[in-house]
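Here is the structure we will look at.
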Amino acid sequence: MSPPDCSRVRGRCRWPRRGPASEWHPAQALLYWQLAVERGSIHRDEILGTAITETGRFPAAQSAWGHYVEAHPQLLLAYAQIVPPQYGSYYYGRWWKLRANAPDLSTLELRDFYVLAPRWGNKEDFEEWSKRHAADGVRDYRQWAALWHAWGEDDRAWKLLSIKLVEPSFPVVPSTVPREVLETTWRTRPENVVNAQQLALVRQRAGEQAGE
């Protein structure tokens, strides 16, 4: 589905602009932008961000958008990522209360939840949430593992991944990547299994040579 033409909405809804007051009244402009958001489909979050930017100078715009997302709670997480963090945590909390246990969470909501949960959520709440959304975990196991890792639960993250992923076979031929690069990658990205196996082989062969 094509997104609404934001350039047309933007041109019609700038404020102030010349012409009769009915053409540029902030309340009318906000209404047009809200309609664009509602028709945004998969582009909804992007259009919401554009709308808030374009209406930022309107009197009471922040309050108007706050009331709007409260009335459309599926937008709360998208809004939480746009506003300053001190307000974002509030809207994340509102989403958790109003939408977290809903059976119809959209792909966009889940995506935003996985981004924001490490910042404003906690592992205890996620554990309870995961029991009610086990079906989502079948598809989103990588994101779930990333959340457990963010909360320091690496054993749980690895257990989840090990169920879903087939471990690559141990390399037979040494990597052509220099050892120092393998070492650096191991320190910065320990979850890279292939790199870890290649480094292990390099270390193993170096030990055999040293023992000869």
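The values are calculated or read from the model by the stated rules, or taken from the named source; none is laboratory data. Keep in mind that this is a model prediction, so the values were computed, not measured. All Cβ positions, even for glycine, are placed from backbone atoms using ideal geometry, and neighbour counts span all protein chains on display.
Do we find a residue being surrounded by 12 or more Cβ atoms within 10 Å (Cβ to Cβ), in contact (Cβ under 8 Å) with a residue 12 or more places away in the chain, more than 15 Å from the chain's Cα centre (by Cα) and assigned to a helix (DSSP H, G or I) anywhere in the range 117-125?
Yes: the range 117-125 contains one or more residues that are surrounded by 12 or more Cβ atoms within 10 Å (Cβ to Cβ), in contact (Cβ under 8 Å) with a residue 12 or more places away in the chain, more than 15 Å from the chain's Cα centre (by Cα) and assigned to a helix (DSSP H, G or I).
Condition check: modelled with pLDDT under 85 and touching a Cys at 6+ places or on another chain (Cβ under 8 Å). Does Thr55 satisfy that? Steps first, please.
Values: modelled with pLDDT under 85: yes; touching a Cys at 6+ places or on another chain (Cβ under 8 Å): yes.
When the stated conditions are applied, Thr55 passes them.
Taking the options Val83, Val138, name whichever one is over 13 Å from the mean Cα position of the chain (by Cα) and in a helix (DSSP H, G or I).
Values: Val83 fails: in a helix (DSSP H, G or I).
Exactly one of Val83, Val138 is over 13 Å from the mean Cα position of the chain (by Cα) and in a helix (DSSP H, G or I), namely Val138.
Output the qualifying pairs, or none if there are none: Cβ atoms under 7 angstrom, residues six or more apart or on different chains, first residue in the range 70-88 and closer than 13 Å to Asp45 by Cα, second residue aromatic (Phe, Trp, Tyr) and surrounded by fewer than 14 Cβ atoms within 10 Å (Cβ to Cβ).
Here the result reads none, with nothing in the range 70-88 linked to a residue that is aromatic (Phe, Trp, Tyr) and surrounded by fewer than 14 Cβ atoms within 10 Å (Cβ to Cβ).
Report the residue count in the range 164-205 for those that are of a type in the set (Ser, Thr, Tyr) and modelled with pLDDT under 80.
Within the range 164-205, the first condition is being of a type in the set (Ser, Thr, Tyr), and the residues that meet it are 169, 175-176, 184-185, 188.
Among the residues that remain, those that are also modelled with pLDDT under 80 are: 169, 175.
Adding up the residues that qualify gives 2.
Quick one: would you say Ala145 is closer than 24 Å to Tyr79 by Cα, in contact with a helix residue (DSSP H, G or I) (Cβ under 6 Å, 6 or more places away or on another chain) and modelled with pLDDT of 85 or more? Full working, then the answer.
On the way: closer than 24 Å to Tyr79 by Cα: no; in contact with a helix residue (DSSP H, G or I) (Cβ under 6 Å, 6 or more places away or on another chain): yes; modelled with pLDDT of 85 or more: yes.
Judged against the criteria, Ala145 is not a match.
Using the structure shown, decide if Val115 is out of contact with any Asp or Glu (no Cβ under 7 Å at 6 or more places or on another chain), at pLDDT below 95 and closer than 30 Å to Leu30 by Cβ. Can you show your working first?
Numbers: out of contact with any Asp or Glu (no Cβ under 7 Å at 6 or more places or on another chain): yes; at pLDDT below 95: no; closer than 30 Å to Leu30 by Cβ: yes.
Judged against the criteria, Val115 is not a match.
Kindly indicate whether Gln143 is among the polar types (S, T, N, Q), in a helix (DSSP H, G or I) and closer than 30 Å to Glu191 by Cα.
On the way: among the polar types (S, T, N, Q): yes; in a helix (DSSP H, G or I): yes; closer than 30 Å to Glu191 by Cα: yes.
Yes; evaluated as a whole, the condition is true for this residue.
Going through the range 40-49 one residue at a time, which ones are more than 15 Å from Val69 (Cα to Cα) and without any contact (Cβ under 8 Å) to a residue 60 or more places away in the chain?
Within the range 40-49, the first condition is being more than 15 Å from Val69 (Cα to Cα), and the residues that meet it are 41-43.
Once the filter is applied, which keeps residues that are more than 15 Å from Val69 (Cα to Cα) and without any contact (Cβ under 8 Å) to a residue 60 or more places away in the chain, the range 40-49 yields Ser41, His43.
Please indicate, with yes or no, whether at least one residue in the range 12-23 is more than 21 Å from the chain's Cα centre (by Cα) and either under 17 Å from Ala78 (Cα atoms) or at pLDDT 70 or above (or both). Give the derivation first.
Of the residues in the range 12-23, the ones more than 21 Å from the chain's Cα centre (by Cα) are 12-23.
Subset that is either under 17 Å from Ala78 (Cα atoms) or at pLDDT 70 or above (or both): none.
For the range 12-23, residues more than 21 Å from the chain's Cα centre (by Cα) and either under 17 Å from Ala78 (Cα atoms) or at pLDDT 70 or above (or both): absent.
Would you point out which residue out of Leu30, Leu75 is modelled with pLDDT of 85 or more, at negative phi, part of a helix (DSSP H, G or I) and buried (at least 20 other Cβ atoms within 10 Å of the Cβ)?
Leu75
Name, by its number, the condition in (1) surrounded by fewer than 18 Cβ atoms within 10 Å (Cβ to Cβ); (2) closer than 30 Å to Ser130 by Cβ; (3) without any contact (Cβ under 8 Å) to a residue 24 or more places away in the chain that does not hold for Ser63.
So Ser63 meets the others, but not (2).
If Trp96 satisfies all but one of (1) of a type outside the set (S, T, N, Q); (2) modelled with pLDDT of 95 or more; (3) touching a helix residue (DSSP H, G or I) at 6+ places or on another chain (Cβ under 6 Å); (4) surrounded by 17 or more Cβ atoms within 10 Å (Cβ to Cβ), what's the number of the condition it fails?
(3)
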